[in-house]
Amino acid sequence: MLVPRLRSAPVRGFVVPRDHVAAAAWIVHQNWLTDPNAPLGKRNAPVSQARVNSTVWQRYEGRWDLLDQTTTAAPVLLPVLLRERAAEARVGLPATHPWVSSFPKDWD
């Protein structure tokens, strides 16, 4: 069994397609890593700020319908701020990510 049996139903559930997870993780980390306001050679924030926080995922909460779609067909529910950061040369997306050539049209 891939998913263990739970003693009770989870309080919250988030369904996030893998391409969306990969994009968000990269964007948030690269934004933190290349922050132009950080002193050279030194981070001005704790590593915890390099992590994707829960607000990024909030529109995916309870979206069980996304399980019936491929990762390429699922609507992008990531915050627009991530799209703006991904458009910056200093942040971008990994070279092998499917959105490198063009962002999904429904990402708004």
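Of note:
- In the chain, helical runs assigned H by DSSP with n ≥ 4 each contribute -39500 (n - 2.57); averaged across all residues and rounded to the nearest 500, the mean residue ellipticity at 222 nm is -6500 deg cm²/dmol.
- Stokes-Einstein translational diffusion, segment 1-44 - Kirkwood Rh over all Cα pairs, 1.002 mPa s, 20 °C, in µm²/s: 154 µm²/s
- Quarter of Cα convex hull surface for the chain, i.e. mean projection, nm²: 8.9 nm²
- Approximate spin-label separation LYS105-ARG90, in nm, with each point projected 7 Å along Cα-to-Cβ: 3.3 nm
- Distance between modelled label sites at THR34 and SER54, nm, 7 Å Cα→Cβ extension: 3.0 nm
- Angle between the chain longest axis and helix 18-33 axis [Cα atoms, degrees, rounded to 10]: 30 degrees
- Label-to-label distance, nm, for residues given as LEU6 and LEU67 (7 Å Cα→Cβ offset): 1.1 nm
Read the figures in this text as sums done on the coordinates, not as results from a lab. Worth saying up front: this structure is predicted, and the values here are computed from it rather than measured. Quick reminder, even Gly has a Cβ in these numbers, built from the backbone with ideal geometry, and neighbours come from all protein chains shown.
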